[in-house]
1. Can you tell me the FRET efficiency between T217 and Q61 if r is taken as the Cβ-Cβ distance and R0 is 56 Å, rounded to the nearest 0.05?
2. Largest first, what is the accessible-area ranking of R343, R267 with a 1.4 Å probe?
3. What do you reckon, how do K38, K483, K445, K22 stack up by accessible area (1.4 Å probe), largest on top?
4. Taking a threshold of 31 Å on the Cα-Cα distance, which of the pairs K22/K484; K90/K276; K195/K507; K22/K90; K22/K483; K65/K525 fall above it?
5. Can you check how the C-alpha radius of gyration of the stretch 150-271 compares to 2.2 N^0.38 Å, as a plain ratio?
Amino acid sequence: MDFVEVQRRFRFRMGGSVSAGKSNDELIDHLVEAEFIKTPLIQRVFRSVDRGNYYFDEHKQNAYKDIAWRSGNLHLSAPCVYSVVMEALKLRSGLSFLNLGSGSGYLSTMAGLLLGPYGINHGIELYTEVVDFAYARLDEFLRNSRAVDEYEFCEPTFMVGNCLTLDSNCPQYDRVYCGASCPEEYEPYIKNLVKIGGILIMPLNEKLLKITRVSETKWHTVKVLSVSFAPLISPPPKEPIIPVKLGDICPPMLQQICRSKIRTLLRQNVDLEYPKLKLKLLKKERRPKRQVRRIVIPFYDESDISNSQSDSEFDFDSDAPEYTISSRLPSRMSVFLEDFLRRHAELQLLRDMEEQLSHSNSSSDSDEQNLPPASSSAPASVAPPPEESTENKMDTTEGSSDNELFSLITVSNIRQSTSSDESSSYTQPPSQSTRSRKKRLLKRKRTDSDKAAGTSSGTTSEPKRKVHRSAATVVWKKFVDLKKEQEENTTKDDTSDDENYTDCMVKRIGALPLPSLLLRYLNYKRDNL
């Protein structure tokens, strides 16, 4: 294995493929720029859940870096891995989701924003203190986050237990994510947790796989990333296995349905009264412009391009960032390089052909001048055109396949030919000195004609003074205008920042003629009424 390949795989295992940010929004900008996050909805969800809230206070300086974090039994994967997982799961409203090894609840909280009020959001974790930490962060999210008012939130339910000892009557789910490396002997066991047509994202043998269940016995497996996860803890063989029961998959309670319905109606009224709030959310979805800092043209051997035996048994996900950034880059850059070299060679060939044609034309003109004049009695005979040599013939098939190249060349040739046809004394275009002389002569003629017209009319017309503006003044004016526009936009944004979904929803919930307990339940038990 080449050193470049080792470095590429190590980067995706440990994170660090995206530059660090100072805030959650800056981290998401880098993930969008690197094309880990591709869907605008996934981008909004990542911005709504702050990654720094799931870190301890003494470790928050690493919260917005693209690295994995571990403290005791608590673990968070790298942001690039979470973004790929969220894109691959394809969550939508009404689906059921199971998170094996839910940990801090960061991924389950983001999934809850997509599952809607009628979805199911379950998580199972081995350690009790980690489940307590996840519930504490969930309560903080419900109290302080504005995303609860912008989305229909499906609250996650966390359970304590080993995901490898689930009850035999465990229900199946539409989407399943395993947050640790699965042992090979438990692969069929975890696959059976997925419904037909469902998706399972699972690390297996240092590969993050996307497994789609086609039928009862068929699965379609796609490799997404090369990763390195800690393995799942298998149950001890000598101790008796206690089966873990997950929550039942049942429709939501009538109280929850009423709450979601009332909140959706209030949100629709807010959208009608304050349409700028929707525009704010759409502005956040815009992708930052990617700046090209450097271009690297890698050269691989045939052994590096060909996949290994372990990778050949899986298909490759076309949407996965590893193959859009790492593996596709050499092929795209090599194609670009080959195309550039081919175009450069054709241009050079055409220039040589032009020179040969010009030399042949000049030699033919000199031969015609040396020939004796024909007698008047002899009939006028038209000389046949000289045959072109094989070197000067152009292949028409190549010309048709590369229209852009030959259009450029023909334009340059037409300009040169028109300039040569105007002056019969020389074949090459005029030099810079002759052009400047012509311009001076034209200016003198114009001034002389203007003076003659002025004296004949009896009025002396003064020449109009041209306002000579340097490039610096023009650029400075544009800069000042842009600065004024930015200041106006910032003032508008400052005035509109005071309005948000949370304040509008709180006002409308507080105005409802309901008891205080129901109003507090409608507001997700928050104290800002």
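1. Working: r = 50 Å, r/R0 = 0.88.
Once the sixth-power term is evaluated, E becomes 0.70.
2. R343, R267
3. Numbers: K38 65, K483 110, K445 140, K22 180 Å².
So the residues, ranked largest to smallest area, are K22, K445, K483, K38.
4. Numbers: K22/K484 28 Å; K90/K276 28 Å; K195/K507 42 Å; K22/K90 29 Å; K22/K483 25 Å; K65/K525 33 Å.
Over 31 Å apart, Cα to Cα: K195/K507; K65/K525.
5. Normalised Rg, Cα atoms only: 1.33.
The values are calculated or read from the model by the stated rules, or taken from the named source; none is laboratory data. Keep in mind that this is a model prediction, so the values were computed, not measured. Virtual Cβ from ideal backbone geometry, glycine too; neighbours counted across all protein chains shown. In case anyone asks, the SASA skips ligands and DNA or RNA and just uses the protein heavy atoms, side chains included. Shrake-Rupley method; radii C 1.70, N 1.55, O 1.52, S 1.80 Å.
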